[in-house]
Structures are given as structure tokens and as C-alpha cells.
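Heads up, the thing below is written out as C-alpha cells.
The values are calculated or read from the model by the stated rules, or taken from the named source; none is laboratory data. Because the structure is predicted, anything quoted here is derived from the model rather than measured. A quick note on method: Cβ atoms are made from the backbone with ideal geometry, for glycine too, and the neighbour counts reach across all protein chains shown.
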Amino acid sequence: MRFWQRFKQNSPVTVSLVTVNVLVFLWMLVRFHLQGISLFSAFSAQSLYQAGAMFGPAVRAGQWWRLITPMFIHVTLEHIALNMVTLYFLGRFVETMFGHWRTLIIYLVSGVTGNVWSLFFQPQGLSAGASTAIFGLFGAFIALDVL
């Protein structure tokens, strides 16, 4: 318990982002359970679309929120596990180096930017995951080390 309290105090943005991602994944498991989704299966394209995944035609039709929501939607247990472990460790370093608010801004701007590029390169594609945002954190980490 003391470890969790210390960690939350040092990395509240990272803890919050991991928590939101996990809660969204659990919500999706409950929400789409009737469609045959289990903990160890992938969500269907229809389920991902309904949850808010990035889908080019929907974004072009005015559903701009789909540039943000994919950062919090994951396709499989393995997908979210890998992303959250990476976010957990990398996010702590970035948050220590850049501060809380800058870390959140880097995460959100990188995620939206990555989804815009995804829209450009795969105009009909369906995508989800925090990878674009996490790569932005990784880029910030490297930039600070190089500069």
C-alpha cells in the first residue's frame, strides 16, 4: 500500500492514464460480452467501432472525437498488457523529466497526431491502441537525452 501511495504521488499522470486504459478495456469486456467476447479473444471490428476506434470514414463524416478515443481502446489482452507495461515504465521517466502536465500534453498530442497520420495513410482503416501516444512519450524521452 505504501508503494502504491508513493508511486501515485510521483507519477499521477502515468497512473491515471494506465487506470483509464484498463477501465476502458474492462468496460469493453462487459459491454461486448454478449457478442461472445472473452478475456482472451480479440474484439470484433464492429465492437471496436462501437467503442470509438479510429475509422477514417467516420472521422471524415464529422466524428472527430475518434481521433482521441482510440488511445484508450485496445484489441486484445496482449495488446493492452504490452502497451500498459510500456506506458507504466516509460511514463514514469517522462513524467519525472517533463512534469505532470507536459507529460499529459505529450501523450494526448502524440496520440491525436498519430491518429491523424493513420487517417492519412489508411483512409479506410480501423485502428485502436495507445501506441501512437506511447511513441510520442518515447520520442520526448529520446529528444531530451539527445538535446
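Before moving on, here are some points about what is shown:
- Count of residues meeting criterion [of a type in the set (Gly, Ala, Ser), closer than 28 Å to Met97 by Cα and over 12 Å from the mean Cα position of the chain (by Cα)] in the range 110-139: 1
- Residue count for the range 115-139, restricted to those that are among the hydrophobic types (A, V, I, L, M, F, W, C) and either more than 19 Å from Asn21 (Cβ to Cβ) or outside any helix (DSSP H, G or I) (or both): 8
- Restricted to the range 1-25, and to residues there that are exposed (fewer than 12 other Cβ atoms within 10 Å of the Cβ) and part of a helix (DSSP H, G or I), the residue that is modelled with the highest pLDDT is Leu23.
- Restricting the range 42-76 to residues that are surrounded by fewer than 14 Cβ atoms within 10 Å (Cβ to Cβ) and out of contact with any strand residue (DSSP E or B) (no Cβ under 9 Å at 6 or more places or on another chain), the residue that is nearest to Val30 (Cα to Cα): Gln46
- Within the range 103-147, the set of residues being of a type in the set (Val, Ile, Thr) and under 14 Å from Phe93 (Cα atoms) comprises Thr103, Ile106, Ile134, Ile142.
- Per-region count, the range 113-134, residues over 17 Å from Val24 (Cβ atoms) and buried (at least 16 other Cβ atoms within 10 Å of the Cβ): 3
- Entirely in the range 37-114, the helices (runs of 4 or more DSSP H) that have 1 or more residues that are touching an Asp or Glu at 6+ places or on another chain (Cβ under 6 Å) and touching a residue at least 40 places away in the same chain (Cβ under 8 Å): none
- Qualifying residue in the range 76-88 (condition: more than 16 Å from Ala128 (Cβ to Cβ) and of a type in the set (Asp, Glu)): no
- Residue list for the range 64-78, restricted to those being in contact with a helix residue (DSSP H, G or I) (Cβ under 9 Å, 6 or more places away or on another chain) and either β-branched (Val, Ile, Thr) or over 13 Å from Val112 (Cα atoms) (or both): Ile68, Thr69, Ile73, His74, Val75, Leu77
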